1. With a 10 Å cut-off between alpha carbons and a GNM built on the chain, which of 54, 134, 171 moves the most?
2. Using a Gaussian network for the chain with springs between C-alpha atoms less than 10 Å apart, which of these wobbles most: 167, 113, 20?
3. Which whole-number percent gives the relative contact order of the range 53-198, counting Cα pairs below 8 Å spaced six or more residues apart?
4. Please label the shape of the range 98-194 as rounded, prolate or oblate, based on the square roots a ≥ b ≥ c of the eigenvalues of the alpha-carbon gyration tensor (a/c under 1.5 means rounded; beyond that, a/b larger than b/c means prolate, else oblate).
5. Starting from the Cα-Cα distance between residue 108 and residue 17, subtract it from 0.36 nm times their residue separation and give me the gain in nm to one decimal.
6. If the elastic network links every pair of Cα atoms under 10 Å, which of 102, 57, 81 fluctuates the most in the Gaussian network model of the chain?
7. Tell me, how many Å apart are the Cα centres for the range 37-114 and for the range 170-203?
8. Fewest to most neighbouring Cβ within 10 Å: what's the order for 131, 4?
């Protein structure tokens, strides 16, 4: 089974502030502009919704209003996807060609490549956890969510530049090099946007 990593450049504080904001105008804009996407998601999760999971819009409304969230943890995935929708709305999608689709422990393999280049401030495996979701959004196995702060990204870039200065270039598989360079591109986007960071979702 394949997975996919979706990555967004955004201001994490601003996006997190939408959670619990009660912004009904935002909800209406999303419903008007992305109604077809919401319907498509509901069709994809039709059996889960029939079993009691919230619809895409119901989950989105719960996230924007800070609840209520259903007690059934099996249905928590819908709230994670609702937060992903908010990130997609407020952020810019970053190139994920090295990460979509991927199989197995690819994120760990890329992390090994980053560490081989002495880049330790960020980890793509972090995007596979649910811990990046803001409170009170309940976490679930999927989608995984992680966040790199602006400071983490700048530190990772400094590590990369230091590795280049020292001429430390261990042999890496070409596909790992491509993935690492994609990560470096993400970091450079952050460098140009004070206060911005990266939020990633694995699904």
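Readers should treat all values here as calculations from the given coordinates under stated rules, not as data from a laboratory. Owing to the predicted nature of the structure, the values given are computational and were not obtained by experimental measurement. Every residue, glycine among them, receives a Cβ derived from its backbone with ideal geometry; neighbour counts consider all protein chains shown.
1. Judging by the Gaussian network model, the answer is 171.
2. Largest GNM mean-square fluctuation: 167.
3. Averaging sequence separation for qualifying contacts and normalising by length gives 25 percent for the range 53-198.
4. Oblate shape, in that a/c is at least 1.5 and b/c is the bigger or equal ratio.
5. Working: separation 91, 0.36 × 91 = 32.76 nm, distance 3.09 nm.
That works out to 29.7 nm of additional length.
6. Result: 102 has the largest fluctuation of those listed.
7. For the range 37-114 versus the range 170-203, the Cα centre distance is 21 Å.
8. Starting with the residue having the fewest Cβ neighbours, the order is 131, 4.
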